[in-house]
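Student: Let me give you the structure first, and then I'll get to my questions.
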Amino acid sequence: MSEKPEMPEDPKPRRRQARGERRITQLLQAAANVFCANGYTAASTNAIAREAHVSPGTLYQYFPNKEAIAVELGGRLMHEMREAHGQAFTPENLALPLPELLDAVVDPLIAFNCANPVFLALMHGSETPGRIAEEHDALHASLIERVRVLIAHYLPDSPPADCVRVADMAFAVFKGGLHLVLAAPEGPERDATIAELKQVLLRYLDPVIGEGALMAGATAARAVAAADAGLTTSRNP
């Protein structure tokens, strides 16, 4: 008895799924534009539908209300922001001189915010949905903690309170400068503002971390030398 040939998988569900994903992306981009222009509180589903060039009924096929749109958009932005954190705070970056370290840490974070101006508009809204606010607070705390760990790495002999104070001040300077960066027109003006922000951070941190980086490098060099000496001794009793 011969086996029945396998029927090919129906491609229609995949096509419908792909169309649905494209529609969701379209709606989220429209929502991002509306949130940036009007803020979360003043935005409406009708305005988002108009921006997306679809009917309100089409929007409601994918999202029941404005909050659901904001939660989905916020979740995707959070994921991208965590990836930016991952690019910024790596063990390899800790070995860089301070100017290069600032480039490695600041550039991914600025690039993310410039590409997603809705991030600040949504996260800092007065009526931002609680779920987004909670996730943002956790992400914010994680970022500050990473900055504190970075500062402590360069100042291993400093009291923890000093490292926290320096890290918090540097982070506050970055946040203030970020608003100026986003307000600057794209092109030479924005590039100059970014360069100025890095210069401010460098001038603040160099008297503290600059010397600390040299000390950390010297400590690492001594540790490597001691390890090499131990290996030489063990080979030549």
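The values are calculated or read from the model by the stated rules, or taken from the named source; none is laboratory data. The structure displayed is predicted, hence computed values, not measured ones. What goes into the accessible areas is simple: the full protein's heavy atoms, side chains included, and nothing from ligands, DNA or RNA. Shrake-Rupley method; radii C 1.70, N 1.55, O 1.52, S 1.80 Å.
Student: Which value does Rg/Rh take for region 69-189 over its C-alpha atoms, Rh per Kirkwood?
Tutor: Reported Rg/Rh (Cα atoms, Kirkwood Rh): 0.98.
Student: If you don't mind, there's one more thing I want to ask. Convex hull over the alpha-carbon atoms of region 101-168: what's its volume per residue in Å³? Display every interim value, and only then the final one.
Tutor: Working: hull volume 6.2 nm³, N = 68.
Measuring per residue, one finds 92 Å³ for the Cα hull of region 101-168.
Student: How much of the accessible area of region 16-63, in percent, comes from carbon and sulfur atoms when a 1.4 Å probe is used?
Tutor: 46 percent
Student: Moving on to the next point. Radius of gyration and Dmax for region 16-63's Cα atoms, expressed in Å?
Tutor: 10.4, 33
Student: Over region 70-227, what percent of the accessible surface lies on carbon and sulfur atoms, probe 1.4 Å? Intermediate values should be presented prior to the final figure.
Tutor: Values: 5050 of 8310 Å².
Here carbon and sulfur together make up 61 percent of the probe-accessible area.
Student: Still on this model: Apply the Karplus curve 6.51 cos²θ - 1.76 cosθ + 1.60, θ = phi - 60°, to the phi angles in region 29-34 and return the couplings in whole Hz, x for Gly and Pro.
Tutor: With the stated coefficients, region 29-34 comes to 5, 5, 4, 4, 5, 5 Hz.
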